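The values are calculated or read from the model by the stated rules, or taken from the named source; none is laboratory data. In this text, all values refer to a predicted model and were calculated from it rather than measured experimentally. Here the Cβ is made from the backbone with ideal geometry for all residues, glycine too, and neighbour counts use every protein chain on show. Calculation scope for accessible area: heavy atoms of the full protein, side chains included, ligands and nucleic acids excluded. Shrake-Rupley method; radii C 1.70, N 1.55, O 1.52, S 1.80 Å.
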Amino acid sequence: MLGFNNPIAANIAIDALVEAKQRSIPFLLKGVGAFNYAVSAYALRALGRIRDPSVVDICIECAKSGPIPNVRRAACNSLSLLEFTSNNDLHRAATLFAELLGDYDWSVRYASIAAIENLITMTNSKQDIQVDLITPLKKVAGEDVDPTVSHRAALALAALDTILAVKA
């Protein structure tokens with residue numbers, strides 16, 4: 001179902017796979033390795049919604065070196081949704097998102113900004129991770145050549161200021 005060029009059908013299939021939770025992970029991992037890049041992206045999105053930390057390595061690998069920006073963006077989003085059980089994995093994700101803020105593709109930088117905002121919002125991130133992520137976000141907000149990316153970074157910073165003030 002994920003291989004057809006029908007977003008509605010794919011989303012229905014994704015919903016069913018997410019509902020099956022961990023039982024669907026082996027099937028979704030096969031989808032991530034598919035030659036059809038749309039299938040890879042949909043499978044990554046489903047893995048993120050399942051939130052199982054066992055897929056952190058595949059999400060990191062796809063975000064770093066996925067074959068097309070659509071797959072890399074999906075991997076960023078999925079990685080930001082995982083329920084991290086390891087501080088090491090959380091730091092790896094944070095480091096990757098900071099690195100991707102310098103990516104050549106504006107859409108991957110944009111996805112990384114959204115992932116940083118989501119990661120900080122959804123986790124009780126340690127102070128050092130927040131600093132590691134907010135500092136590069138500030139740089140992107142002020143310096144990115146693409147106004148869409150710099151504006152998205154500014155919006156993320158504003159939202160995070162509010163969230164972090166509430167958590168404090």
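Numbers at a glance
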item	result
Qualifying residue in the stretch 97-114 (condition: free of Cβ contacts under 8 Å to residues at least 40 places away in the same chain, over 18 Å from K64 (Cβ atoms) and among the small types (G, A, S))	no
Pair list, Cβ < 9 Å and 6+ apart or interchain, from the stretch 32-53 residues that are on the phi > 0 side of the Ramachandran plot to residues that are of a type in the set (A, V, I, L, M, F, W, C) and open to solvent by less than 60 Å² (accessible area, probe 1.4 Å)	R51/L81; R51/L82
Unique match (being polar (S, T, N, Q), within 23 Å of G33 (Cβ to Cβ), surrounded by fewer than 22 Cβ atoms within 10 Å (Cβ to Cβ) and touching a residue at least 24 places away in the same chain (Cβ under 8 Å)) among N118, N87, N77	N77
Lone unmet requirement of (1) open to solvent by 30 Å² or more (accessible area, probe 1.4 Å); (2) closer than 24 Å to L90 by Cβ for L47	(1)
Options L96, L119, L157, L79: the member that is in contact with a Lys or Arg (Cβ under 7 Å, 6 or more places away or on another chain) and within 20 Å of R45 (Cβ to Cβ)	L96
K30, sole failed condition from (1) assigned to a helix (DSSP H, G or I); (2) modelled with pLDDT under 90; (3) open to solvent by 80 Å² or more (accessible area, probe 1.4 Å); (4) not aliphatic (A, V, I, L, M)	(2)
Some residue of the stretch 132-142 being under 27 Å from I14 (Cα atoms) and surrounded by fewer than 23 Cβ atoms within 10 Å (Cβ to Cβ)	no
Qualifying residue in the stretch 16-32 (condition: closer than 27 Å to P147 by Cα and of a type in the set (G, A, S))	no
